[in-house]
1. Considering only the range B:178-189, state which residues are open to solvent by less than 20 Å² (accessible area, probe 1.4 Å) and either touching a Phe, Trp or Tyr at 6+ places or on another chain (Cβ under 7 Å) or not assigned by TED's automatic domain parsing to the domain that holds B:GLY233 (or both).
2. Would you please list the contacts, defined by Cβ atoms under 6 Å and residues six or more apart or on different chains, that run from a residue in the range A:24-51 that is farther than 12 Å from A:LEU69 by Cα and assigned to a loop (DSSP other than H, G, I, E, B) to a residue that is more than 8 Å from DNA strand C (Cβ to nearest atom) and not β-branched (Val, Ile, Thr)?
3. Restricting attention to the range A:35-68, which residues are at pLDDT 90 or above and under 26 Å from the mean Cα position of the chain (by Cα)?
4. Only one of these conditions is not met by B:PHE244: (1) open to solvent by less than 20 Å² (accessible area, probe 1.4 Å); (2) more than 7 Å from chain A (Cβ to nearest Cβ). Which number is it?
2 protein chains.
Amino acid sequence: MTSELQGRVRPVEVDRTSPVPLYFQVATRLQELIEKGEIGVGARIENEVDLAERLGVSRPTTRRAIQYLVERGMLVRKRGVGTQVVHPKVRRPVELSSLYDDLVAGDRAPRTEVLRLEVMPAPDLIANGLEVAPGTPVTWIERLRYAAGEPLALMHNAIPIDVLPLTREDLAAHGLYELLRRNGLTPRIATQVIGARSATSAEAKILDEKRNASLLTMTRTAWDAGGRALEYGSHVYRASRYSFELNLSAG
Amino acid sequence: MTSELQGRVRPVEVDRTSPVPLYFQVATRLQELIEKGEIGVGARIENEVDLAERLGVSRPTTRRAIQYLVERGMLVRKRGVGTQVVHPKVRRPVELSSLYDDLVAGDRAPRTEVLRLEVMPAPDLIANGLEVAPGTPVTWIERLRYAAGEPLALMHNAIPIDVLPLTREDLAAHGLYELLRRNGLTPRIATQVIGARSATSAEAKILDEKRNASLLTMTRTAWDAGGRALEYGSHVYRASRYSFELNLSAG
DNA sequence: GTCAATACTTTGTCATGACAAACTCCAGGA
DNA sequence: TCCTGGAGTTTGTCATGACAAAGTATTGAC
């Protein structure tokens, strides 16, 4: 007898008048129950068939809801056994958010200084990163990002001009990704390279570090769902103040 | 008239005697066609209904195959429009592989020197990383990894002893993840932190770098599908020779 | 008592059918 | 000419039904 709290997942109900898909309603409700600990780690949830019947939805719908949570690393399914909770919070596959969003979320009072903002034809390196023809006009941005009053990162970006017009005011007040999203542009896929190197004297000065201090470097290209390149970025971060956290999940 | 090469995706056929699921057969076949360029970037693939009918499978099966490729970033679907190729190769969500595997794949002739191998009770830091009780016995490993004859990384790992027994010979000849997989242990979920710092003099010496050279640091905990912690690692890489590449995809 | 065969449970795969929602395109009217 | 409305296309969601495969538990033979 594997002692688990099975059964009684109580008030999971669906609203058929809502425009929110049923499978998503079920997934969200289950996720809440797990995050609140009402279904503890290691506990088995009801089997698909019973759960479907109790909720008054079909088994494929229930299955899809569970699958959604399995992909996020909360649940594990085993044929012949059942579905178990393995982790109480969502392990997001990987955040595709901007530094600014992360800092706001972490309550670290970000501030942005726009050092440069101009339109120029893309040089080869950038055109290559964006997968566009060399010479394509892009907005070139250099920004200094502060957190909690201290400089944190020196950021360089190129955005094709037909993607989004940008102003100093916008960039000073908001993160780049926030501006993209606000214009209906959602980054979906990105390739990143993360490395490290010593600061040049110019970088050390602007970031308030010693010469040769270690910096984290990150270059990224981001595309939207339609495969259009939205952004190329080449950034350096003070390694003493910043690191990347990633949650990976692999099939 | 959006000029695209539509139609004629020719010989996609399924084998119902195979134990490989039909949806996976279809997905694999489509992926091949796209990777080979027989369906070019920007081209629309056949709509689900027709494709299903032509292959003699049901629409849900076809849908699942397409969904599989959508999640990998090759295809994009739009309601009322169709399904388009946006990228000719799979953008894997993120590789959960070991350095050794990567080096082998990159033909960089890896070699491993085992500096230390012992069983010890987990100190707090490691127990915390593995999410086990402090004092739980773990195998502690220190390895120096070479690529192309040069030192590349200094690697520290802790593996709970009930996960896997390890020998110097195994570790010298194989990557840790390969050893795990060989024993039926598949890392599924991991959390990583990537940062940078300057080399200590001991690290500089062993890695053949100058003092204060920049190093990339990575700490990782990996779990299997059952939520069991398999491995905790804390590694330093020569930033002059190594960087992390990530492909992200976010919903 | 131990071990192997059997029954049962639970998830995995697949088919068929139906309607809804988002988008494109064309025709018709202002 | 512009733009509005509707028809057509294509993906999104959901239901029902069926069988297969992989575990677990039970039963029965030795």
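The values are calculated or read from the model by the stated rules, or taken from the named source; none is laboratory data. Only a predicted model underlies this, so the values are computations on that prediction, with no experimental measurement involved. Neighbour counts run over all protein chains shown; Cβ positions are idealised from the backbone, glycine included. Heads up: the accessible areas ignore ligands, DNA and RNA and are worked out on the full protein's heavy atoms, side chains in. Shrake-Rupley method; radii C 1.70, N 1.55, O 1.52, S 1.80 Å.
1. Pass one, the range B:178-189, residues open to solvent by less than 20 Å² (accessible area, probe 1.4 Å): B:179-180, B:185, B:187.
Of everything in the range B:178-189, just one residue is open to solvent by less than 20 Å² (accessible area, probe 1.4 Å) and either touching a Phe, Trp or Tyr at 6+ places or on another chain (Cβ under 7 Å) or not assigned by TED's automatic domain parsing to the domain that holds B:GLY233 (or both), namely B:PRO187.
2. That search, which allows pairs on different chains as well, returns A:ILE39/A:LEU33; A:VAL41/A:PRO88; A:ALA43/A:GLU4; A:ALA43/A:LEU5.
3. A:ARG63, A:ARG64, A:ALA65, A:ILE66, A:GLN67, A:TYR68 - these are the residues of the range A:35-68 that are at pLDDT 90 or above and under 26 Å from the mean Cα position of the chain (by Cα).
4. Single failed check for B:PHE244: (2).
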